[in-house]
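Q: Pasting a structure here, questions to come.
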Amino acid sequence: MSTTDTTSTDKGSPERNRKHVESIAAGASEEADAVAAHLRTAEAQGVDINPSQRMSMGYAANARKAATQLDAN
């Protein structure tokens, strides 16, 4: 039986992983952070957020996390 835990398998070389994180981090920007924060605030106030906007909020959050990870290393 195969595992569904994606952290338990080797994803490749450290260089490949670093390039992957860099490509995600390239999407990080203050503008994307501001838009995501605005949408989260609107959602908290009861405004419906469509799925594509919700997905872009997730991409912005992941890009910021990747950029933070690169800065930490």
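The values are calculated or read from the model by the stated rules, or taken from the named source; none is laboratory data. What you are looking at is a predicted structure, and each value in this text was computed from that prediction instead of being measured. Neighbour counts are summed over all protein chains in view; Cβ atoms, including those assigned to glycine, are modelled from backbone coordinates with ideal geometry. The accessibility values were calculated without ligands, DNA or RNA, using every heavy atom of the protein model including side chains. Shrake-Rupley method; radii C 1.70, N 1.55, O 1.52, S 1.80 Å.
Q: Within region 17-46, work out how many residues are of a type in the set (A, V, I, L, M), open to solvent by less than 60 Å² (accessible area, probe 1.4 Å) and touching a residue at least 12 places away in the same chain (Cβ under 8 Å).
A: 6
Q: Checking the conditions here, which among P14, P51 is at pLDDT below 90 and open to solvent by 70 Å² or more (accessible area, probe 1.4 Å)?
A: Every option except P14 fails the conditions.
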